[in-house]
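A.B. asks: Below you will find the structure I want to go over with you.
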Amino acid sequence: MSAEPRINDRIRVPEVRLVGPSGEQVGIVPLAKALELAQEYDLDLVEVAATARPPVCKLMDYGKFKYESAMKAREARKNQAHTVIKEMKLRPKIDPHDYDTKKGHVVRFLKQGDKVKITIMFRGREQSRPELGYRLLQRLAEDVQDLGFIESNPKQDGRNMIMVLGPHKKKTEAMAEAREAQAARKAGRQGDGGEAAADDAEDAGDGEYTEDAEDTEDTEGADTAEHADATHDAG
């Protein structure tokens, strides 16, 4: 069944409740009269409430109406913010350098308004020392407490221990700030084509972490560097 409203001669009722082009109530008129008025105004007669008795029809430029509706829907999708869950994997005996690198990624994700699933991976004898993972998760949560909070407390999941951090900043706020910062950078480099090209490439790279997606888990890790860190930890 088509979702398109009936218009003009596709309307098959004896009379309609007519609304004028400016929203004024014309009243109940015969269909022939309504079509005549549509021709006089050079507009379309559009059925806007088919289930009413009699149906409600409005005089409008239907082509313009469809175009404006499509543009509004497109803008709404553009500004829509979807919750994204990133994943960061750590080992309980992670060295300080790797910890700082992983923490940096978590900070970036939280600043972007994304949730972060932190997974501690236990191997071998480490499985008998769950307190190591718990302390590491608590340390990380304290280090980023200005940007996020513990949404899901640490819990054991097989050989892993999992905690979820939620951002203090809403996704829509983070997206707006990112757009403002990008606009400011572009405005500041007008006239310098070389810097503009370099910054545009940088902006494109930033998009790796800001794509819209449904509420899912990034089980592949944040990026290639993070995968390398996990391999290093396993070693």
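The values are calculated or read from the model by the stated rules, or taken from the named source; none is laboratory data. Bear in mind the structure is a predicted one, so any value in this text is a computation, not a measurement. Here the Cβ positions follow ideal geometry from the backbone for every residue, glycine too, while neighbour counts run over all protein chains shown. Calculation scope for accessible area: heavy atoms of the full protein, side chains included, ligands and nucleic acids excluded. Shrake-Rupley method; radii C 1.70, N 1.55, O 1.52, S 1.80 Å.
A.B. asks: Give the cross-link partners of K171 among the lysines, using a straight C-alpha distance below 28 Å as the criterion and excluding same-chain residues fewer than 8 apart.
C.D. replies: Partners within reach: K72, K78, K86, K89, K102, K103, K111, K115, K117, K155, K186.
A.B. asks: I want to check the label-to-label distance for Q127 and A176. Put each point 7 Å from Cα in the C-beta direction and report it in nm to one decimal.
C.D. replies: 4.9 nm
A.B. asks: With a 1.4 Å probe and all protein chains kept in place, how do I28, I11, I150 rank by accessible area, largest first?
C.D. replies: Output order, biggest surface exposure first: I28, I150, I11.
A.B. asks: Provide the FRET efficiency to the nearest 0.05 for the F65-R185 pair, computing r from the beta carbons and using R0 = 41 Å.
C.D. replies: 0.60
A.B. asks: For R135 and V48, what is the calculated FRET efficiency with R₀ set at 45 Å and r taken between the beta-carbons, to the nearest 0.05?
C.D. replies: For R0 = 45 Å, the calculated efficiency reads 0.10.
A.B. asks: Subtract the Cα-Cα distance of A32 and K169 from 0.36 nm times their separation in residues, and report this length gain in nm to one decimal.
C.D. replies: Residue separation times 0.36 nm, minus the Cα-Cα distance, leaves 43.6 nm.
A.B. asks: Got a sec to turn the phi values of region 120-126 into Karplus ³J(HN,Hα) couplings, 6.51 cos²θ - 1.76 cosθ + 1.60 with θ = phi - 60°, whole Hz, x for Gly and Pro?
C.D. replies: 9, 9, 9, 10, x, 5, 4
A.B. asks: Next question, about the same structure. Would you please give the FRET efficiency between E24 and A73, computed as 1/(1 + (r/R0)^6) with r the Cβ-Cβ distance and R0 = 25 Å, to the nearest 0.05?
C.D. replies: 0.40
A.B. asks: So who's got an amide H within less than 5 Å of the one on R6, skipping anything under 5 residues away but keeping other chains? H placed 1.01 Å off N, in plane.
C.D. replies: E47
A.B. asks: Of all accessible surface on region 1-140 at a 1.4 Å probe, what whole percent is carbon and sulfur?
C.D. replies: Carbon and sulfur: 51 percent of the exposed surface of region 1-140.
A.B. asks: Please list R129, R53 from largest to smallest accessible area, probe radius 1.4 Å, with all protein chains kept in place.
C.D. replies: Values: R129 105, R53 190 Å².
Accessible-area ranking of R129, R53, largest first: R53, R129.
A.B. asks: Also: Roll a 1.4 Å probe over the protein chains and send me the accessible area per residue for region 1-81 in Å².
C.D. replies: Numbers: 5640 Å² over 81 residues.
Dividing the accessible area of region 1-81 by its residue count gives 70 Å².
A.B. asks: Skipping prolines and chain starts, which residues have an amide H placed within reach, meaning under 5 Å, of the one on D44, given they are 5 or more residues away or on another chain?
C.D. replies: Under 5 Å from the amide H of D44 lie the amide H atoms of M60, D61, Y62, each far enough along the sequence or on another chain.
A.B. asks: Quick one: what are the phi-derived ³J(HN,Hα) couplings along region 55-72, Karplus 6.51/-1.76/1.60 with θ = phi - 60°, whole Hz, x for glycine and proline?
C.D. replies: x, 8, 10, 10, 8, 7, 7, 5, x, 5, 4, 5, 5, 5, 5, 5, 5, 5
A.B. asks: Name the residues whose placed amide hydrogens come within less than 5 Å of the amide hydrogen of L90, ignoring near sequence neighbours (fewer than 5 apart) on the same chain.
C.D. replies: Amide H neighbours of L90, under 5 Å, 5+ apart: T119, I120, M121.
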